[in-house]
Amino acid sequence: MSMITVSTTIAAPLAEVWRAYTTPADIMQWNAASADWHTTAATVDLRAGGRFSSRMEAKDGSFGFDFEGEYTEIVPHELIAYRFGERLASVTFTSSHDGVTVTVTFEPETEHPVEMQRDGWQAILDNFKRHVGGTAG
């Protein structure tokens, strides 16, 4: 199965974008695909072999799950690669005159349509952009 890629460009300094992406208090602010979901807890051990977890729940309490896994490679301010379950994903941070482009590439699961997965991950990335406060221009 081919990988899915989503991205956004944020008009903010690289160090700020990296910090917001990797800090649990920030993750809890932006890590949701829609307004009726939220992340209630997050942990980050940002090193190869380190683990991460985000507790994602519907705000009405009807459903929740742990998005968790293990970092496989970290290049500060450039790359976060990780495994979650049997799937792989990577996040790259690329600076340009427009700001920082954050690109997430992930292996889709087989239960939901690819478009639904792409839209969900893109919505989370759009929330992240709003959290950092950047607008591409």
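Every read-out reported here was derived from the displayed coordinates using simple, explicitly stated rules and does not represent laboratory data. This is a predicted model, so every value here is computed, not measured. Ideal geometry is used to build each Cβ from the backbone, glycine not excepted, and the neighbour counts take in all protein chains shown.
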How much FRET efficiency would the formula 1/(1 + (r/R0)^6) give for PHE63 and ALA11, where r is the Cβ-Cβ distance and R0 is 30 Å, rounded to 0.05?
0.30
Just to confirm my numbers, what's the Cα centroid distance between the stretch 54-92 and the stretch 94-119 in Å?
13 Å
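Run the numbers on the chain and let me know its relative contact order in percent, using alpha-carbon pairs under 8 Å that are six or more apart.
Relative contact order, the chain: 33 percent.
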Write out the chymotrypsin sites (Phe, Trp or Tyr not before Pro) in the stretch 3-95 meeting two conditions: DSSP loop, and at most 13 other Cβ atoms within 10 Å of their Cβ.
PHE63
Out of THR110, THR92, THR72, a Gaussian network model of the chain with alpha-carbon springs under 10 Å gives the largest mean-square fluctuation to THR110
So, with +1 on the Cβ of K and R and -1 on the Cβ of D and E, and no other charges, what is the size of the charge dipole of the stretch 4-132 about its Cα centre, to the nearest 20 debye?
320 debye
Exposed loop sites here are GluC sites (Glu not before Pro) in DSSP loop states with at most 15 other C-beta atoms within 10 Å. What is the longest stretch of the chain lacking them?
1-77
Under a GNM of the chain (C-alpha, springs under 10 Å), which listed residue has the highest mean-square fluctuation: SER53, SER62, SER95?
SER62
Taking Rh as the Kirkwood radius computed over alpha-carbon pairs of the chain and applying Stokes-Einstein at 20 °C with viscosity 1.002 mPa s, one gets a diffusion coefficient in µm² s⁻¹ of 141 µm²/s
